[in-house]
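Quick one: the structure is below, and I'll ask about it shortly.
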Amino acid sequence: MHIYDSVQKAKREFVSQEEGKVSLYVCGPTVYDDAHLGHAKSALVFDLLARVLSANGYEVTYARNITDIDDKIIKKAAEANKSIKEITDFYTDAYHFEMAKLGVARPNIEPKATESLEAMFELIQKLLDSSHAYKTDSGDIYFDTSSDSDYLKLSHRVQDENEKLQRVESSSEKKNSADFALWKSVHDESVSFDSPFGKGRPGWHIECSAMIEKHLAKKEARFAVDIHGGGADLLFPHHENEAAQTRCATNHTLANYWIHNGFVNIDGEKMSKSLGNSFFLRDALKVYDGEVLRFYLLGTHYRANFNFNEEDLLNSKKRLDKIYRLKKRLFGLTHENQKTAFGDELLKTLSDDLNISASLALIDEMISVANEKLDSDAKAKEFKKETLSNLAYIEKVLGFGVKNPYEYFQQGVDEETKAKINSLILQRSEAKKAKDFATSDAIRDEILTYGINIMDTAQGTLWEKI
């Protein structure tokens, strides 16, 4: 397996520290607002990575944190006249619900910042003891970037004087403009936590380093984790600062491989709340099925910036429809999943830095060949079993084709109409049993007025939207 390392800026063969096992850490959401398409893209990319690693035989330990301590959370709670916990619980639950709609599996470990304070205290103390951090007269604790000769080597940045000035925070007590807060002291009645350093709140960057040390890192290991991931916007300063903290406080480097997914744009503009064009995932899910969004958002290579627009989404859905049309042709057949040449080739493409374009082209070819074969030989028993195994493997590794194909083609029909159609189908079945074919035909015609096509199969009467 090969993956592109954002730090070395090259594709590297993946070799885990511990044979057969992989540790993966991804920066998760700050839970003060609804998830947007950028959150969805990142979650989907690393869900896919975890699936591909698993398909390659690795035992994957996947951790994705929840940041539930943040100034934005405090502000939101004050505006809503609610407690911090009420805000963070609400948006955490919403995040989980929406990710599940996309077919994103929950990580093995999902640490919260509020549950990791002791680990942060320990890491901050180590940095103080080793003179990589200092405490100001006001009680704030900063990481001393001048003490780390490798600082900025992760992001390969060279800061000019203007940028240094822009990064100067309100405090004039910092030794260097690039120094960043590990602990922010609180002297009023605002939200704070007790610590060995006095009341205050942790800096954002210390959270992930501490959680990795607590949940994933092994003291004797060269790297705290095999793979660290997140959005491209996190490379600097967040990941740069994480890496600095970890190497200065511990005896290992933070990660061996760094993976970053590209930005999400909407009709060509970088998604940004300041631009007023943030596209919340909850709004997209009101219009589109989660699997349709999954297929669309994963349809562009993870490192590329993604331009979200409805025309492309609808074209993407047509490609997903083909998987379900083939699945529908084989509906009701039973089989045992078997290893196939297609499955091997699909995993090979995905193992090449998640080459989704090659993977989707391979799937398109498999579907085309399968339909041709089934057209010419409808009985092809062994071929049908092989094709079902291919579809099952796509479902397992990519998360596409997970639904009942008939239910998939019922998308766009509201619940009230579904209930009416199911009631009419039941009435039609009763009429057919009574050999009242005139009534049966009349009900079929009525169902057609809803834009619905019905099919009588061995599994009963099924229907789909025309």
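The values are calculated or read from the model by the stated rules, or taken from the named source; none is laboratory data. If you're wondering where the values come from, they're calculated on a predicted model, not measured in any experiment. When we count neighbours, we look across all protein chains shown, and the Cβ atoms used for this are built from the backbone with ideal geometry, even at glycine. These area figures cover heavy atoms from the full protein model, side chains too; ligands, DNA and RNA do not enter into them. Shrake-Rupley method; radii C 1.70, N 1.55, O 1.52, S 1.80 Å.
Quick one: would you say residue 197 is more than 20 Å from residue 114 (Cβ to Cβ) and among the hydrophobic types (A, V, I, L, M, F, W, C)?
On the way: more than 20 Å from residue 114 (Cβ to Cβ): no; among the hydrophobic types (A, V, I, L, M, F, W, C): yes.
Here the answer is no, as residue 197 does not meet what is asked.
Something else: Considering only region 451-466, how many residues are of a type in the set (A, V, I, L, M, F, W, C), over 35 Å from the mean Cα position of the chain (by Cα) and not in a strand (DSSP E or B)? Lay out the reasoning, then the answer.
The first filter runs over region 451-466 and keeps only residues of a type in the set (A, V, I, L, M, F, W, C), leaving 452, 454-455, 458, 462-463, 466.
Now restrict to residues that are over 35 Å from the mean Cα position of the chain (by Cα): 454-455, 458.
Filter once more, so that each one left must be not in a strand (DSSP E or B): 458.
Of the residues in that region, 1 qualify.
Another one. Please indicate, with yes or no, whether at least one residue in region 183-203 is under 30 Å from residue 13 (Cβ atoms), basic (Lys, Arg) and part of a loop (DSSP other than H, G, I, E, B).
no
Given the criteria at pLDDT 95 or above, within 23 Å of residue 197 (Cβ to Cβ), of a type in the set (Asp, Glu) and open to solvent by 40 Å² or more (accessible area, probe 1.4 Å), does residue 148 qualify?
Numbers: at pLDDT 95 or above: yes; within 23 Å of residue 197 (Cβ to Cβ): yes; of a type in the set (Asp, Glu): yes; open to solvent by 40 Å² or more (accessible area, probe 1.4 Å): no.
No; evaluated as a whole, the condition is false for this residue.
How do the helices (runs of 4 or more DSSP H) wholly within region 71-135 filter down when requiring 2 or more residues that are over 21 Å from residue 195 (Cα atoms): which remain? Please lay out each step first, then the result.
On the way: elements: 71-80, 84-101, 117-129.
Here the list reads 71-80, 84-101.
Which ones in region 371-394 are over 27 Å from the mean Cα position of the chain (by Cα), of a type outside the set (Gly, Ala, Ser) and open to solvent by 40 Å² or more (accessible area, probe 1.4 Å)?
371, 372, 373, 375, 377, 379, 381, 382, 383, 384, 385, 386
Shifting gears a bit: Could you please tell me which pairs satisfy a Cβ distance under 7 Å, a separation of 6+ or placement on different chains, a first residue in region 85-103 that is acidic (Asp, Glu), and a second residue that is part of a helix (DSSP H, G or I) and open to solvent by less than 20 Å² (accessible area, probe 1.4 Å)?
Qualifying pairs under 7 Å: 98/281.
Condition check: exposed (fewer than 14 other Cβ atoms within 10 Å of the Cβ), hydroxyl-bearing (Ser, Thr, Tyr) and under 30 Å from residue 57 (Cα atoms). Does residue 368 satisfy that? Spell out how you get there, then give the answer.
Values: exposed (fewer than 14 other Cβ atoms within 10 Å of the Cβ): yes; hydroxyl-bearing (Ser, Thr, Tyr): yes; under 30 Å from residue 57 (Cα atoms): yes.
Judged against the criteria, residue 368 is a match.
Give the residue, chosen from 40, 50, that is crowded, with 19+ Cβ neighbours inside 10 Å, touching a Phe, Trp or Tyr at 6+ places or on another chain (Cβ under 7 Å) and of a type in the set (Gly, Ala, Ser). Show your work before the answer.
Values: 40 fails: touching a Phe, Trp or Tyr at 6+ places or on another chain (Cβ under 7 Å).
When all the criteria are applied, what remains is 50.
Find all pairs meeting these conditions: Cβ atoms under 7 angstrom apart; at least six residues apart or on different chains; first residue within region 350-365 and among the acidic types (Asp, Glu); second residue open to solvent by less than 10 Å² (accessible area, probe 1.4 Å).
353/3
Would you be able to say whether some residue in region 19-35 is in contact with a Ser or Thr (Cβ under 6 Å, 6 or more places away or on another chain) and more than 20 Å from residue 209 (Cβ to Cβ)?
no
Conditions: (1) buried (at least 18 other Cβ atoms within 10 Å of the Cβ); (2) among the charged types (D, E, K, R); (3) assigned to a loop (DSSP other than H, G, I, E, B). Residue 428 meets all but one. Number of the miss?
The number of the failed condition is (3).
Within region 187-234, which residues are among the aromatic types (Phe, Trp, Tyr), modelled with pLDDT of 95 or more and over 24 Å from residue 1 (Cα atoms)? Working first, answer last.
Residues of region 187-234 among the aromatic types (Phe, Trp, Tyr): 193, 197, 204, 223.
Remaining after also requiring modelled with pLDDT of 95 or more: 193, 197, 223.
If the condition is that a residue be among the aromatic types (Phe, Trp, Tyr), modelled with pLDDT of 95 or more and over 24 Å from residue 1 (Cα atoms), then 193, 197 are the ones that fit.
List, please: which pairs have Cβ atoms under 6 Å, are six or more places apart or on different chains, and start with a residue in region 186-209 that is over 17 Å from residue 142 (Cβ atoms) and end with one that is charged (D, E, K, R) and open to solvent by less than 40 Å² (accessible area, probe 1.4 Å)?
Listed pairs, sorted by first residue: 208/242.
A further question follows. Being hydroxyl-bearing (Ser, Thr, Tyr) and open to solvent by less than 40 Å² (accessible area, probe 1.4 Å) is the filter here; which residues of region 2-12 pass it?
Applying the first criterion (hydroxyl-bearing (Ser, Thr, Tyr)) to region 2-12 yields 4, 6.
Once the filter is applied, which keeps residues that are hydroxyl-bearing (Ser, Thr, Tyr) and open to solvent by less than 40 Å² (accessible area, probe 1.4 Å), region 2-12 yields only 6.
Pull out all pairs, ordered by first then second residue, where Cβ-Cβ is under 6 Å, the residues are six or more apart or on different chains, the first lies in region 119-142 and is open to solvent by 30 Å² or more (accessible area, probe 1.4 Å), and the second is among the acidic types (Asp, Glu).
From region 119-142, the pairs are 132/144.
Could you tell me which residue of region 320-353 is surrounded by the most Cβ atoms within 10 Å (Cβ to Cβ), considering only residues that are modelled with pLDDT of 95 or more and among the small types (Gly, Ala, Ser)?
343
Which numbered condition trips up residue 458, out of (1) farther than 26 Å from residue 363 by Cα; (2) assigned by TED's automatic domain parsing to the domain that holds residue 336; (3) of a type in the set (Gly, Ala, Ser)?
Every condition holds for residue 458 apart from (2).
Let me ask something else about it. Quick one: residue 191 ticks every box in (1) open to solvent by 10 Å² or more (accessible area, probe 1.4 Å); (2) aliphatic (A, V, I, L, M); (3) in contact with a Ser or Thr (Cβ under 9 Å, 6 or more places away or on another chain); (4) within 30 Å of residue 83 (Cβ to Cβ) except a single one, so which number is it?
The number of the failed condition is (3).
Shifting gears a bit: State yes or no: is residue 115 free of Cβ contacts under 8 Å to residues at least 12 places away in the same chain, over 14 Å from residue 200 (Cα atoms) and surrounded by fewer than 19 Cβ atoms within 10 Å (Cβ to Cβ)? Can you show your working first?
Numbers: free of Cβ contacts under 8 Å to residues at least 12 places away in the same chain: yes; over 14 Å from residue 200 (Cα atoms): yes; surrounded by fewer than 19 Cβ atoms within 10 Å (Cβ to Cβ): yes.
So residue 115 fits the description; yes.
Now for a different question. If you take the residues in region 13-35 that are in contact with a strand residue (DSSP E or B) (Cβ under 6 Å, 6 or more places away or on another chain) and in a strand (DSSP E or B), which one is surrounded by the fewest Cβ atoms within 10 Å (Cβ to Cβ)?
13
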